[in-house]
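The values are calculated or read from the model by the stated rules, or taken from the named source; none is laboratory data. Here the structure is a predicted model, which means the values were calculated and not measured. Heavy atoms of the whole protein, side chains included, go into the accessibility calculation; ligands, DNA and RNA do not. Shrake-Rupley method; radii C 1.70, N 1.55, O 1.52, S 1.80 Å.
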Amino acid sequence: MIAETVCSAVSAAGLGIAVVTAYRRRFLAAARIAAYSLVPVGLVMTGVVGWLSDTALSPTAWAGFGVLAAAWLLFAATRAVERRRTGAGAERDLSAGSGSTRPGTTAPASSTPALRQGQGKGERPASGDDFSDIEAILKKHGI
């Protein structure tokens with residue numbers, strides 16, 4: 001009974017604020033405030049408030065919420081472990097490649113060009129190949 005009274009008072013106060021807001025010619029804001037202030041009365045009239053008050057005082061309902069929380073925690077933990085495992089495996093599969101990448105091209109997740117055949121990690125490219133790509137681009141644009 002107290003919950004219904006409190007919800008009615010909150011709705012009345014909200015509607016009063018909506019009237020003042022409409023008086024100031026802010027009709028869109030007034031309509032939004034009126035919509036929010038009608039929610040508590042609607043909840044009381046549909047019986048949601050009574051159901052919530054019965055649930056809040058029921059130990060069985062709280063035990064059910066505890067079981068739901070435990071299930072959610074298990075689900076979240078297994079998802080985190082699964083993401084950790086598949087994330088590392090997917091990177092390994094991507095870096096191994098299928099052999100279809102051409103020399104000098106970049107992998108989708110990489111920002112550095114792939115090594116050319118016969119070129120080690122610490123070796124520099126041949127002296128003539130340094131700027132041949134850049135020269136071709138400049139010539140293409142007439143520079």
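Descriptive notes on the structure:
- In the stretch 1-81, the portion of solvent-accessible area held by carbon and sulfur atoms comes to 78 percent [1.4 Å probe, whole percent, DNA, RNA and ligands not counted].
- With 0.36 nm allotted per residue and the present C-alpha distance subtracted, the residue 15-residue 134 stretch has 35.9 nm of extension available.
- Accessible surface calculations at 1.4 Å, restricted to protein heavy atoms, place the stretch 10-68 at 75 Å² per residue.
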